[in-house]
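I have placed the structure first, in the form of structure tokens, so that the comments after it can refer back to it.
Taken together, the values in this text are just the output of simple stated rules run on the coordinates, not laboratory data. Fair warning: this is a prediction, and the values are worked out from it, not measured in the lab. Virtual Cβ from ideal backbone geometry, glycine too; neighbours counted across all protein chains shown.
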Amino acid sequence: MVKITNNTTRRQAFTLIEMLTIVVIIGLLLGIAMPSLIKVRLQFMRSASLATLRTISGACEMYKIDFDEFPPSNNTGYPYLPAWQGRELLPLLLIGYGNDTDTKGHPMEGGATMDADDGKDGFGYRMSIRGQVFGPYNGTEEAELKDSDNGRPVFVDSFDNEIYYYRFNGTQYVTADNANPSADDPPNINNYTKDDGGNYFTRDFVLCTKGPDREWMTTIQANPDTDDITNFLRE
């Protein structure tokens with residue numbers, strides 16, 4: 001009886017050449033896909049930043065219902081507020097994060113400002129001893145915050161940029177000191193917020209961030225080539 005043997009052996013692994021070929025192909029595919037992935041990621045972060053601005057914008061509208069005006073962007077006429085920039089005042093006014101350090105329910109005791117003693121423990125604040133507890137507005141307590149260079153909480157976008165806030169007073173957008181704006185403010189907020197015809201964008205207040213490149217556009221046009229994120233440009 002003749003015994004037939006099968007000398008064919010099962011292949012156990014890829015050869016080195018095959019492995020290198022696979023690595024090269026994967027590298028090429030990643031190289032082709034990476035720009036698209038980065039673009040998608042940036043667009044997602046930009047959309048998230050716009051959503052944050054919309055949340056804050058809605059909170060400002062709710063604040064107006066309670067106080068018949070939008071949050072101030074300086075402390076002129078508001079002796080209970082600290083002399084901060086608008087972006088620093090906004091979390092304080094929309095969230096209310098100061099402690100109630102002395103007599104419970106009594107705000108701003110001993111000449112303290114709201115950031116030192118706002119009359120309520122936890123989120124929210126009181127404007128008078130027996131008054132209504134105001135804030136937080138529109139879920140802004142869930143928005144991301146970080147400390148500014150001055151050590152004061154400020155809202156930030158998805159790129160970790162501070163969100164700037166300016167209220168319009170009927171003539172111009174107001175900073176804490178229009179004659180001496182912060183070095184980090186847009187180059188000139190009252191040029192920055194005008195269209196091609198030199199007219200202000202019709203907003204009661206402005207929210208804006210530097211966007212992904214972390215640089216301000218010198219001026220904003222009606223259809224700008226800019227990555228700045230604002231509440232007054234159509235996106």
>> Under the rule of at least 5 residues apart or a separate chain, name every residue whose amide H is placed under 5 Å from the amide H of residue 205.
In response: 168
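With r defined as the distance between the Cβ atoms of residue 65 and residue 234 and R0 fixed at 41 Å, what FRET efficiency is calculated, to the nearest 0.05? Working shown, then result.
On the way: r = 26 Å, r/R0 = 0.63.
Computed FRET efficiency for residue 65 and residue 234: 0.95.
Report the gain in length on full extension from residue 78 to residue 47: 0.36 nm times residue separation, minus Cα-Cα distance, nm rounded to one decimal.
Details: separation 31, 0.36 × 31 = 11.16 nm, distance 3.45 nm.
Length gained between residue 78 and residue 47: 7.7 nm.
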> Out of residues 5 or more away from residue 75 or on other chains, whose amide H comes under 5 Å of its own, with H placed 1.01 Å from N in the peptide plane?
Replying inline: 84
> Relative to the present Cα-Cα distance, how much length would full extension add between residue 103 and residue 160 at 0.36 nm per residue of separation?
Replying inline: 16.8 nm
> Length gain on complete extension for the stretch residue 172 to residue 123, per 0.36 nm per residue less the alpha carbon to alpha carbon distance?
Replying inline: 14.5 nm
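Calculate, for residue 194 and residue 16, the FRET efficiency according to 1/(1 + (r/R0)^6) with r their C-beta to C-beta distance and R0 45 Å; round to the nearest 0.05. If you can, show how the numbers build up before the last one.
Working: r = 65 Å, r/R0 = 1.44.
According to the calculation, E is roughly 0.10.
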